[in-house]
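Student: Would you mind keeping the following structure in view while I ask a few things?
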Amino acid sequence: MVEINIKQHLFEPSEITIPANTKIKLRIHNLDATPEEFESWELNREKVIMGNSTGTLFIGPLPPGIYPFFGEFNPKTAQGKVIVE
Amino acid sequence: MKVKNNFQKTEKYSLIFIYLLSIFSALPVQADGSVVSKIYHPYVQPLETEIELQTIYEKDDDLKDHQKYKLGYGQSFSDTLFGEIYLITSKDGSDNLEIEAYEAELKWQITEQGEYSADWGVLFELEKEEGDEWEASSALLVEREWGRLVSTVNLSVIYEWGDKVDDELESKLALQLRYRHSPRFEPAIEFFSGEGYQGIGPLIMGRETLGQAKKLRWELGGIFGIDGDSPDLTVKTSLEYEF
């Protein structure tokens, strides 16, 4: 399982590395009071996480590569990437 | 041990999926009305509101052209429930556009996307047609990713009743195979089977981001009848504004 925080409209960490061809459980803790949407067309995932709550996503199995994601409610600041290797 | 448990869980849901497909493939597939329709995906997002326009245009050498318009307003109630109401109008040939029906639907996302070998949801619909005819249906929504290919199955059971229709139980099958080429362009193939209709054809679809948490989704397709009773061509379009 991999955990990411959303704090002050930023993903922390903004880069995570996961093994190729493996399904991963991703828990996202939104520490802000406002909702955020984790979005990635490359990962084929969209998930709204309400303020002060936690959301769970399942990603993969994926081939090696870099898969960007962003927060749809704060796209200029909330950006990150999943590195699969 | 955890890996083994996950494998067993995946196998279990795969077997359920194959089992349900087998059951539905063994049932006679029948349905009245327009068999070609929107194909639903088993996902719900909280805080989502949408306005939608679907159009269906049926063309057949032996019949008047038939046009149908569905204008919808939808809103999520939670992270697993989404409701939508529709006003449905239609016209034949050069007739005037008339209100045909009102519809309400509720979509329930059952599993988290990607958690199991397939994603599951259920759609409930209630439609009241002009002339006091009613239709209630439930559909099993199943989706699975195969890399950039995504397959979606909608298996519907429909019950009709009213003054001018016989009370009857029907079923409908809709399949979609979509290739995720890019956000703005996703080609797909759809297949529909219902009473007096079987058709297959290509679609293109995409989405455009219009600002913070605002999206426009569109699709355009042509479904060709593949048996004698089916309209020769059904053109379907959809435009969804999410905000």
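What follows is calculated from the coordinates using simple rules that are stated; it is not laboratory data. Because the structure is predicted, anything quoted here is derived from the model rather than measured. In this analysis, Cβ positions are derived from the backbone assuming ideal geometry, glycine residues included, and neighbour counts consider all displayed protein chains.
Student: Within the stretch A:52-85, restricting attention to residues that are free of Cβ contacts under 8 Å to residues at least 40 places away in the same chain and more than 26 Å from B:R184 (Cα to Cα), which residue is farthest from the other protein chains (Cβ to nearest Cβ)?
Tutor: A:N52
Student: So, A:I49, is that one among the β-branched types (V, I, T), surrounded by 14 or more Cβ atoms within 10 Å (Cβ to Cβ), within 14 Å of the chain's Cα centre (by Cα) and away from every other protein chain (no Cβ under 13 Å) or not?
Tutor: So A:I49 fails the test.
Student: Across the stretch A:5-46, what is the total count of residues that are more than 30 Å from B:L149 (Cβ to Cβ) and more than 10 Å from every other protein chain (Cβ to nearest Cβ)?
Tutor: Count: 14.
Student: Name every residue in the stretch B:101-160 that is of a type in the set (S, T, N, Q), closer than 15 Å to B:G83 by Cβ and surrounded by fewer than 19 Cβ atoms within 10 Å (Cβ to Cβ), in order of residue number.
Tutor: B:S138
Student: Can you confirm whether the stretch B:225-240 contains a residue that is within 14 Å of chain A (Cβ to nearest Cβ), free of Cβ contacts under 8 Å to residues at least 40 places away in the same chain and in a loop (DSSP other than H, G, I, E, B)?
Tutor: Scanning the stretch B:225-240, I find no residue that is within 14 Å of chain A (Cβ to nearest Cβ), free of Cβ contacts under 8 Å to residues at least 40 places away in the same chain and in a loop (DSSP other than H, G, I, E, B), so the answer is no.
Student: Hey, could you check the stretch B:69-124 for residues that are assigned to a strand (DSSP E or B) and acidic (D, E) and say which is farthest from the other protein chains (Cβ to nearest Cβ)?
Tutor: B:D92
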